[in-house]
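The values are calculated or read from the model by the stated rules, or taken from the named source; none is laboratory data. Owing to the predicted nature of the structure, the values given are computational and were not obtained by experimental measurement. A quick note on method: Cβ atoms are made from the backbone with ideal geometry, for glycine too, and the neighbour counts reach across all protein chains shown.
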Amino acid sequence: MKKGLMKKLNMLLKIRLFFLVVGFILGGIIVSIPWYFAWKSEVRQANATFFENLLDEPEEILLEKRVNDLHVLSENEWNWKFKDMKGDDYLLRDYSGKVIFLNFWSTWCSPCLAEFPSLVSLNKQFEGNEKVEFLFLTDESSAKVNRLLKRRPDMKGLKYFRYESELKPNLFGGDGIPNTIIINKKGEVVVEHLGAALWDGEEVIGLLNKLITE
């Protein structure tokens, strides 16, 4: 009788100890969750601030403008195919006759994300202008882009597209991002810029206005 009672008591003690340990672990996790997200937010902000401080100025961008030897898009480059976030197909040719602003980026690329506030601002400067198109291209899935946009609502309202990296013409660079290319209405590449930059300066806005009126 006593042995049976002792076994039951031991079992109850073990069960109680088990739940105490589990409760301690869960309590630690619950307490840690807010701290973890606060820490993650601080790291993300520090990361963004770091790369924002490295953004190239508009004057540096325009130094890369070609003057004497403008590359004219080939048939292969005009026929480059990409998809919007819904999966509909587009060709670069669909935008011929306009000034085309291409920006290659990725959701994991901190320098890319750092320059987006200036890209959003630049896009707003030309909102409603049918003579210029801003296209933002990534080789990632639409699901990844949409997840980022939920976290970064300030990046909404832009035209996002996805492409197959192995099919990207050489003109549009290798794997280096962010990479930005500006094409005039004649199909000539007037600016190629590899790296993050401030895109909403007067110099860039002035260049786009000039290209629109040419």
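So the values come out like this:
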{"read-out": "Residue in region 159-169 that is more than 19 Å from Lys86 (Cα to Cα), charged (D, E, K, R) and in the same structural domain as Glu75 (by TED's automatic domain parsing) present", "value": "yes"}
{"read-out": "Any hit, region 66-76, residues being of a type in the set (Lys, Arg), assigned to a loop (DSSP other than H, G, I, E, B), under 18 Å from Leu211 (Cβ atoms) and at pLDDT below 95", "value": "yes"}
